[in-house]
Structure formats: C-alpha cells, structure tokens
1. For the stretch 74-96, give me the residue count where each residue is surrounded by 17 or more Cβ atoms within 10 Å (Cβ to Cβ), closer than 25 Å to Asp203 by Cα and of a type outside the set (Asp, Glu).
2. Identify the residue in the stretch 6-19 that is touching a residue at least 40 places away in the same chain (Cβ under 8 Å) and surrounded by fewer than 16 Cβ atoms within 10 Å (Cβ to Cβ) and, among all such residues, is farthest from Ile75 (Cα to Cα).
3. Report, by residue number, each residue of the stretch 126-155 that is open to solvent by 10 Å² or more (accessible area, probe 1.4 Å) and in a strand (DSSP E or B).
4. Looking at the stretch 148-178, which of its residues are more than 10 Å from ligand 1 (Cβ to nearest atom), in contact with a helix residue (DSSP H, G or I) (Cβ under 7 Å, 6 or more places away or on another chain) and either more than 22 Å from Pro86 (Cβ to Cβ) or not β-branched (Val, Ile, Thr) (or both)?
5. Those residues that are within 11 Å of ligand 2 (Cβ to nearest atom) and surrounded by 15 or more Cβ atoms within 10 Å (Cβ to Cβ), I need them from the stretch 170-198; list them, please.
Amino acid sequence: MAKVTIMEHPLIRHKIGIIRETQTGTRDFREMISEIAMLECYEATRDLKLEDVEIDTPITRTTVKRLAGKKLAIIPILRAGLGMVPGMETLIPSAKVGHIGMYRDPETLAPVEYYCKLPADIEERDVFVVDPMLATGGSAIDAINQLKKHGCKNIRFLCIIAAPEGLENLQKAHPDVDIIVGSLDEKLNEHGYIVPGLGDAGDRIFGTK
Ligand code: PRP
Ligand code: URA
C-alpha cells in the first residue's frame, strides 16, 4: 500500500490556517500555497538518490554528494495545481513541467479532462503530481491514470487539503502512489466541498470569485 504522509510541521499548520480564512486575499493566498508546496516538496524528495562526486574545496580535495541525475517532472492538475508549481520549482528547478487540465462537473462531481501536455520522455521521469485539493479523489485518480497510460511508473501525489473520502479512493485506485497531505480534514459536504477546507482553491488562487 502507498505511503501516506500527513505533514505535521508547525510552519505548514500555520500557513494552512492562513489560507483557510475567508479574509485572506489573492496575493497572500497564492504566496502561502507556493510556500506550503515547497515544504511538501522537501518531504516528497526525501528518497531521491545521491551519488559521490570528487571536488576541490579551497582547502582540500574531498568527496561530496550530488543528486544522481534522476529526471524529475512536476505535473500540476489545472487550474489550482498551478499555484503549487513555483514552490516545487524552487527546490527542484531542473524538473520539467507537464500539465493536465481537469474540471469537476458541478452536478456529478466527475472529473472532465480538457488538456494534457507532458514532457516527451515522461515515462523515464519521477513524477510529482500536484493539486491543492483532494476532495472525492476523482481528478487525482484520472490524472494518474493518464500518466500511467503514458508509461509513468514512479508517481507521487502532493496536496494541501484532503478529505478522508478522497484519500481512501486514491489509495484504493493507485496503491503504488505515495501521497503527501498538508492537512487531513473532516469530510466532504453535500456539494463535494471539503469541510472545513478553504473553499474553491482555483478561484482563490486566481482571484476569479
Ligand atoms: C478542484 C481541485 C481539484 C479538484 C478536486 O478543481 O483543484 O482538481 O477540484 O476535487 P475531486 O477530488 O473531487 O476531483 P476544480 O474542478 O474546481 O477546477 P479548477 O482547479 O480549474 O478550479
Ligand atoms: N475543490 C476545491 O477547490 N475545493 C474543495 O473543497 C473541493 C474541491
């Protein structure tokens, strides 16, 4: 079964407290989403492979560690996943970025895919799928289905707020995918929104409401 990490770090809990507040404006909301993504990225990259490299310091020759050149990709689920990309890129700047566009049908809550553009060598890359919200899990499950169809084998999913229902559905559908969660909330409401949640993440990141 996939490993699920619920981030307990005080900085993440503090920043999630800020984005939950209705009064938090677009600029601060965006900044917090990016910073939380960066902190989660630190956790998600914990097992990246290192190799030994010989270098000269000003004092002597020595052996240091370098990332072993593993190819990485960040895949935001549009739109809201875009908000997590700057924070991810801060820590893994050479990662390629692919995009999967999904929206939830407001009636059925089923995800509808409208866009997919991935790096040409995506099947060779370790993939970090990012979306701030894991509600029913439908969008994340479909996005990961799409990546597996393209040959991806090593996939991690990072979200900021998850509902228990979505987490369970994602684990069942993709037991090989490790999941990093900023906060595991109480439940979904009758409209498919996470409670207490933060409302519509896409609208709050882009100021469309
Ligand atoms: C939101 C969110 C996820 C999805 C989660 O996207 O960013 O992609 O809902 O819900 P699920 O787990 O039930 O699938 P939304 O459909 O609002 O699109 P947007 O990001 O373009 O606003
Ligand atoms: N998508 C959001 O943006 N917020 C929710 O609470 C659920 C899905």
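1. 14
2. First, the residues of the stretch 6-19 that are touching a residue at least 40 places away in the same chain (Cβ under 8 Å): 6-7, 12-13, 16, 19.
Still in the list and also surrounded by fewer than 16 Cβ atoms within 10 Å (Cβ to Cβ): 6, 13.
Values: Ile6: 20, Arg13: 24 Å.
So, considering only residues that are touching a residue at least 40 places away in the same chain (Cβ under 8 Å) and surrounded by fewer than 16 Cβ atoms within 10 Å (Cβ to Cβ), the one farthest from Ile75 (Cα to Cα) is Arg13.
3. Asp126, Met133, listed by residue number.
4. Within the stretch 148-178, His150, Gly151, Cys152, Arg156, Phe157, Leu158, Ala173, His174, Val177 qualify.
5. Asp185, Leu188, Gly192, Tyr193, Ile194, Gly197, Leu198
The values are calculated or read from the model by the stated rules, or taken from the named source; none is laboratory data. Note that this is a predicted model, so its numbers are computed, not measured. Note that each Cβ is placed from the backbone with ideal geometry, even for glycine, and that neighbours are counted across all protein chains shown. Each accessible area value is taken on the protein alone, full model and side chains, heavy atoms only, with ligands, DNA and RNA left out. Shrake-Rupley method; radii C 1.70, N 1.55, O 1.52, S 1.80 Å.
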